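Everything below concerns the one structure shown next.
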């Protein structure tokens, strides 16, 4: 298991030598790491997380989709839980990946699936300091409702 030093004071500027240094300094076992979905995926961050926490099964990671280089999250064993809207391959077309054939049993990690709309609305609510998001999503009428009884207010 990786043991990181104490978190630095928020007012202390820090110049990291690279993503591995940043992850070791600021991320702790049990933390929730959000990998933003942009046109330039956070590959360096995810790979650094995988290297620093390999085998620990200690992190929660949220990202809109687990595909391409994000499969390293499953292969490294760094992640306990993933919150996402898609797990699989996207090239040349969206499809399942054999890496996740035991996902229903919680392997290689626990999964919490959300529609992309409700996932984004949850992020927006949190950014606005709101305890929940109001949505017109049909999430409540789908299999994505399973396991979220305490999170959905119908």
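The values are calculated or read from the model by the stated rules, or taken from the named source; none is laboratory data. Small disclaimer: the values here were computed from a predicted structure and weren't measured. Glycine gets a Cβ as well: all are built from the backbone with ideal geometry, and neighbour counts include every protein chain shown.
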* **Single match in 47, 43 (criterion: assigned by TED's automatic domain parsing to the domain that holds residue 90, touching a helix residue (DSSP H, G or I) at 6+ places or on another chain (Cβ under 8 Å) and crowded, with 18+ Cβ neighbours inside 10 Å)** => 47
* Structure fact -> Scanning the range 103-129 residue by residue, those in contact with a helix residue (DSSP H, G or I) (Cβ under 8 Å, 6 or more places away or on another chain), modelled with pLDDT of 90 or more and assigned to a loop (DSSP other than H, G, I, E, B) turn out to be 108, 109
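Tell me the residue from 52, 70 that is in a helix (DSSP H, G or I), out of contact with any strand residue (DSSP E or B) (no Cβ under 9 Å at 6 or more places or on another chain) and either closer than 25 Å to residue 23 by Cα or not assigned by TED's automatic domain parsing to the domain that holds residue 33 (or both), please.
Values: 70 fails: out of contact with any strand residue (DSSP E or B) (no Cβ under 9 Å at 6 or more places or on another chain).
Answer to the check: 52.
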* To do: Might you let me know whether the range 72-81 holds any residue that is at pLDDT 95 or above and under 22 Å from residue 124 (Cα atoms)?
  => yes
* Asked: How do the pairs read when you match residues in the range 121-137 that are over 17 Å from residue 83 (Cα atoms) with residues anywhere that are assigned to a loop (DSSP other than H, G, I, E, B) and at pLDDT below 90, using Cβ under 7 Å and keeping only pairs 6 or more apart or on different chains?
  -> 137/115
* How many of the residues making up the range 22-40 are over 19 Å from residue 65 (Cβ atoms), surrounded by fewer than 17 Cβ atoms within 10 Å (Cβ to Cβ) and in contact with a strand residue (DSSP E or B) (Cβ under 8 Å, 6 or more places away or on another chain)? -> 3
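Going by what's in this entry, would residue 139 be described as more than 15 Å from the chain's Cα centre (by Cα), surrounded by 11 or more Cβ atoms within 10 Å (Cβ to Cβ) and at pLDDT 85 or above?
Values: more than 15 Å from the chain's Cα centre (by Cα): yes; surrounded by 11 or more Cβ atoms within 10 Å (Cβ to Cβ): yes; at pLDDT 85 or above: no.
No; evaluated as a whole, the condition is false for this residue.
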* residue 28 within 15 Å of the chain's Cα centre (by Cα) and not in a strand (DSSP E or B) -> yes
